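Please read the structure below before turning to the comments.
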Amino acid sequence: MTPRRHHRRDNAAVLLIHGGLWDDDMDADRFWAAPGVSAGLDREGFTVLAPDRLHRPPTWDAEVEDLAPVLPKDPVSVVAGSNGCSVTIRLALAFPNRIERLLLAWPATAGDPTVDSRTRIGLANLGASEQNIRALLDGQTLRGVADAELSRLKMPIAVLPSVPENPFHQRHTVDALRRLLPGSEELPGCPEPPRPDFGPHLEQFVRAVTQNAMPSGSSLSPTPASITARA
């Protein structure tokens with residue numbers, strides 16, 4: 001695991017967990033860097049951590065094992081996109097003291113028969129076993145997560161809907177998460193970054209992440225240059 005890091009003198013970190021599920025063409029560059037999210041947060045003064053998720057994980061817990069070494073020593077704010085919300089919840093359940101706050105953006109809808117059928121066929125065509133497919137698709141509001149597990153999350157959580165909604169990111173998923181996480185906040189929605197219509201919403205999204213990621217009373221002091229390193 002070699003996450004991309006952009007260092008700033010404040011050292012306030014944000015961890016970006018991209019979407020996708022066994023997609024050959026989806027990684028952190030396509031989801032966060034190419035649309036401008038990583039650079040936008042870098043300009044705001046964050047240390048941006050954007051790892052590539054495990055390419056073809058057999059389970060969500062395998063993804064947690066792969067991502068765990070990326071977690072900084074100090075608690076970090078995490079932004080998850082689409083199916084990345086599932087692994088991020090599992091990561092927060094496994095390492096609650098390492099996660100300062102969560103933003104669940106465009107959470108992928110679980111349990112929709114049409115969507116799951118299409119996804120199941122795609123996974124099978126890529127070589128996933130029936131056991132793997134069940135492990136990845138089973139869940140309640142989110143894939144790979146039982147609703148009862150959400151009550152164990154004590155850190156601040158925000159949810160950001162896909163606007164407009166689509167079959168893979170349905171509004172009722174956000175509504176269900178808000179009910180299951182009574183203290184959660186809803187942020188202004190927008191399309192997901194890989195979509196071409198995300199561009200006009202970039203600055204709005206960066207502002208939302210910035211305001212959500214920073215603890216109350218803290219501030220950022222951007223510096224002119226950044227250094228790219230491999231962890």
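The values are calculated or read from the model by the stated rules, or taken from the named source; none is laboratory data. On a predicted model such as this, the values are computed, not experimentally measured, just so you know. When we count neighbours, we look across all protein chains shown, and the Cβ atoms used for this are built from the backbone with ideal geometry, even at glycine.
Just a few scattered comments:
- Of residues in the stretch 62-79 being closer than 12 Å to PHE95 by Cα and over 15 Å from the mean Cα position of the chain (by Cα), the one surrounded by the fewest Cβ atoms within 10 Å (Cβ to Cβ): LYS73
- Pairs where the first residue, in the stretch 110-121, is within 11 Å of PRO167 (Cα to Cα) and the second is of a type in the set (Phe, Trp, Tyr) and assigned to a loop (DSSP other than H, G, I, E, B), C-beta under 9 Å, 6+ apart: ASP112/PHE168; VAL115/PHE168
- The stretch 1-32 - residue that is of a type outside the set (Asp, Glu), touching a Gly at 6+ places or on another chain (Cβ under 6 Å) and surrounded by fewer than 24 Cβ atoms within 10 Å (Cβ to Cβ) and, of those, modelled with the highest pLDDT: MET26
- Which listed residue is modelled with pLDDT of 95 or more and under 17 Å from LEU137 (Cα atoms), from PRO35, PRO57, PRO69: PRO57
- Scanning the stretch 197-231 for residues that are modelled with pLDDT of 95 or more and surrounded by fewer than 14 Cβ atoms within 10 Å (Cβ to Cβ) turns up ASP197, GLY199, PRO200, GLU203, GLN204.
- Output for the stretch 133-184, where each listed residue is assigned to a helix (DSSP H, G or I), touching a residue at least 40 places away in the same chain (Cβ under 8 Å), of a type outside the set (Lys, Arg) and surrounded by fewer than 19 Cβ atoms within 10 Å (Cβ to Cβ): GLU149, HIS172
- Answer from THR114, THR119 - the residue that is surrounded by 15 or more Cβ atoms within 10 Å (Cβ to Cβ), out of contact with any strand residue (DSSP E or B) (no Cβ under 6 Å at 6 or more places or on another chain), hydroxyl-bearing (Ser, Thr, Tyr) and at pLDDT 95 or above: THR119
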